[in-house]
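J.: First, the structure itself, so that you have it in front of you.
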Amino acid sequence: MAVVRGSFKEHMNFYESLRLALSSLRAHKLRSFLTLLGVIFGVMTVVAVASVIEGFFKYVDRTVTADLGTNTVIVDKFGMITSFDEYLQALRRNRDLTRDDLVYLEERLTLATYFGAQGGTNAEVRAGSEKLTRINVRGNSAGMINIDTTQAEYGRYISEIDDERRRYVALIGSEVADKLFNRRDVVGRELKIDGLPFEVIGVAKENGSAFGQSRDDFVIIPLSVYQKMWGSRESISLWIRAANAADLALLQDQIRMHMRARHRVPYQEKDTFGLVTAESVNNFVQAIFGIIAAVALGITSISLVVGGIVIMNIMLVTVTERTREIGIRKSLGARRRDILRQFLIESTTLSLVGGLIGLGIAIVISRVLVAFTPVPAELPIWAGFLAIGVSSAVGIIFGIYPAWKAARLDPIVALRTE
């Protein structure tokens, strides 16, 4: 039982209540630690999950922006598909896009500066005895050099002459160069794509990986050669770059107007093509994974409720242990609100300490994830305030009943307690 020092003031000082709460923690170290486990684990998981989610969103934003740029519009057959039914509808309704569509837009768009076209498939790539399967092969028009963020570290990009003359040349990713030739300066060497020989004219700068998946295992060939190998009837994507990001929305309106006119789409019907921008991709990712994030945070928050119940139970035990002390305080003039405030401060302090410990562990976990795994984790500032706020709220909410019970004790009955 704590010893009362000096006379009890009518209005107990907040700092005195805080000092008593901390001394109670020190006096019962093991019990306090076991009590805090629920809050520690709850805050740790909530903050760790929040940091992974935040890191994921920021990583997607950086990656998509790096790949597409902030002022590029992609016109393709499907656009942003959010369900299988929507995919089937688009497959039946939407028309394949061709190079003629790109020429049509080039002649009419006034807000665009660069135009390009791209097709894509997976193929086997071989050099000597080395073989790679399911490598992403992109067929790019020469105009993609001004749009594509992939640039050559050795050699050069696909040129207009390559495309016009259907040259069997290739710009390869750094990982393809490493695996096939065990070096990157391989301009002039030969590789085979689905059995056909290609001359390496360039090796791209390294892009790194995304969630453990390499972004350097690709081959870029002229679009004319791509269509010769895999068919010119397959739909391609049209890449159009605005002069600046401010014109992007207006450029999209221009594209939509001209493409609807070209496809003769009635006013009341949906587009028969899709528009993709870095912003639309980020919005799509946030919409889909935002729901997952909310569910994940909700599930991990259950441990905070469990921790709060444990705190309430311990505070009830504390009230029982300190019944005589409460009686002495009341006999010296303490009011109900003074006792209520004292125990609320103690429960809040107990929970807050657990929250700070959980926050520290979450910071360590996020740094370990970044250092040793491909999982992107960034601890947002708001997560720190969330940890402090939530843990304090848990202490207040689950400390109200024990504090109210302590404040309601009859001082005479309390003084008789041994």
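Throughout, read-outs are computed from the coordinates displayed, never taken from laboratory work. Predicted model only: the values in this text are computed from it and were never measured. FYI the Cβ positions are ideal-geometry reconstructions off the backbone, even for glycines, and counts take in every protein chain you see.
J.: Tell me, in nm to one decimal, what length is gained between residue 332 and residue 104 on full extension, where the rule is 0.36 nm per residue of separation less the Cα-Cα distance?
T.: Details: separation 228, 0.36 × 228 = 82.08 nm, distance 9.12 nm.
Stretched out fully, the residue 332 to residue 104 stretch lengthens by 73.0 nm.
J.: Right, another one. When you count, for each residue, the other Cβ atoms within 10 Å and take the mean per peptide, how do 179-190, 259-270 rank with the highest first?
T.: Top to bottom by mean Cβ count within 10 Å: 179-190, 259-270.
J.: Another question, if that's okay. What is the dipole size for the chain, taken about its Cα centre, with +1 at each Lys and Arg Cβ and -1 at each Asp and Glu Cβ, in debye to the nearest 20? Provide the component values of the computation, followed by the final result.
T.: Working: 49 positive and 43 negative charges, 409 e Å.
Result for the chain is approximately 1960 debye, rounded to the nearest 20.
J.: Label residue 183 and residue 33 with points 7 Å out from Cα along Cα→Cβ: what is the distance between them in nm?
T.: Using points 7 Å along Cα→Cβ, the separation is 5.9 nm.
J.: Moving on. If contacts are Cα pairs under 8 angstrom and at least 6 residues apart, what is the relative contact order of segment 95-272 in percent? Before the final figure, lay out each step's value.
T.: Numbers: 350 pairs, mean separation 54.1, N = 178.
Relative contact order of segment 95-272: 30 percent.
J.: Could I ask something else about it? Under 8 Å for C-alpha pairs, at least 6 residues apart: give me the relative contact order for segment 201-353, rounded to a whole percent. Before the final figure, lay out each step's value.
T.: Values: 28 pairs, mean separation 15.9, N = 153.
After rounding, I find 10 percent.
J.: Using r as the Cβ-Cβ distance of residue 80 and residue 243, and R0 as 30 Å, what FRET efficiency do you calculate, to the nearest 0.05? Mind dumping the intermediate values first?
T.: Working: r = 24 Å, r/R0 = 0.81.
So, using R0 = 30 Å, E works out to roughly 0.80.
J.: Compute the helix-to-body angle for 84-93: its Cα long axis versus the longest principal axis of the chain, expressed 0 to 90° and rounded to tens.
T.: Helix 84-93 and the main axis of the chain meet at about 20 degrees.
J.: At a Förster radius of 51 Å, what calculated FRET efficiency corresponds to the Cβ-Cβ distance of residue 192 and residue 65, to the nearest 0.05?
T.: Computed FRET efficiency for residue 192 and residue 65: 0.90.
J.: With +1 on each Lys and Arg Cβ and -1 on each Asp and Glu Cβ, how big is the dipole of segment 236-383 about its Cα centre, in debye rounded to the nearest 20? Before the final figure, lay out the partial values.
T.: On the way: 15 positive and 10 negative charges, 107 e Å.
Dipole size: approximately 520 debye.
J.: I've got another one for you. Expected output is a single nm value to one decimal: the length gained when fully extending between residue 232 and residue 268, i.e. 0.36 nm times separation in residues minus the C-alpha distance. What is it?
T.: Separation in residues times 0.36 nm, less the Cα-Cα distance, equals 9.8 nm.
J.: Further question: Separation of segment 208-284 and segment 288-346 by C-alpha centroid, Å?
T.: Distance between centres, Cα-based: 56 Å.
J.: Same structure again: Over 19 Å between C-alpha atoms is what I'm after, so list which of 131/192; 192/228; 58/205; 179/205; 330/405; 77/205 land there. It would help to have the intermediate numbers written out before the result.
T.: Details: 131/192 9 Å; 192/228 15 Å; 58/205 23 Å; 179/205 15 Å; 330/405 14 Å; 77/205 29 Å.
Check vs 19 Å cut-off fails for 58/205; 77/205.
J.: Taking the alpha-carbon centroid of each part, what is the distance from segment 352-406 to segment 25-80 in angstrom?
T.: 13 Å
J.: Would you work out the charge dipole size for segment 95-272 about its Cα centre, treating the Cβ of every Lys and Arg as +1 and the Cβ of every Asp and Glu as -1, and quote it to the nearest 20 debye? Please report the intermediate quantities before stating the final value.
T.: Details: 26 positive and 27 negative charges, 63 e Å.
It comes to approximately 300 debye.
J.: Here's something else I'd like to know. Sort 215-227, 300-312, 24-36 for me by packing, meaning the mean count of neighbouring Cβ atoms within 10 Å per residue, highest on top.
T.: Values: 215-227: 23.2, 300-312: 18.8, 24-36: 14.6.
With the highest mean Cβ count within 10 Å placed first, the list reads 215-227, 300-312, 24-36.
J.: Choose one of 37, 137, 20: the residue whose Cα lies farthest towards the positive end of the charge dipole of the chain (beta-carbon charges +1 Lys, Arg; -1 Asp, Glu; about the Cα centre).
T.: With unit charges placed on the Cβ atoms, the residue in question is 20.
J.: Distance in nm between label sites at residue 213 and residue 317, each 7 Å beyond Cα in the beta-carbon direction?
T.: So the label points at residue 213 and residue 317 sit 5.0 nm apart.
J.: Summing -39500 (n - 2.57) over the DSSP H runs of n ≥ 4 in the chain and dividing by its residue number, what mean residue ellipticity at 222 nm do you reach, to the nearest 500 deg cm²/dmol? Working shown, then result.
T.: Numbers: 14 runs with 233 residues, N = 418.
Result for the chain: -18500 deg cm²/dmol, rounded to the nearest 500.
J.: Enter the angle in degrees (range 0 to 90, nearest 10) between the Cα long axis of helix 14-27 and the first principal axis of the Cα atoms of the chain, meaning the one along which they spread out most.
T.: Result, in degrees: 90.
J.: Find the relative contact order for the chain and round it to a whole percent, using C-alpha pairs within less than 8 Å whose residues are 6+ positions apart. Display every interim value, and only then the final one.
T.: Values: 735 pairs, mean separation 121.6, N = 418.
Reported relative contact order: 29 percent.
J.: Find how much the distance from residue 88 to residue 124 grows on full extension, using 0.36 nm per residue of separation minus their present alpha carbon separation; answer in nm with one decimal. Don't skip to the answer; put the middle values down first.
T.: Numbers: separation 36, 0.36 × 36 = 12.96 nm, distance 2.88 nm.
Answer, rounded to one decimal: 10.1 nm.
J.: Can you order the peptides 41-49, 55-63 by their average number of other Cβ atoms within 10 Å per residue, highest first? Can you show the working numbers first?
T.: Values: 41-49: 24.8, 55-63: 17.2.
Descending mean neighbour count gives 41-49, 55-63.
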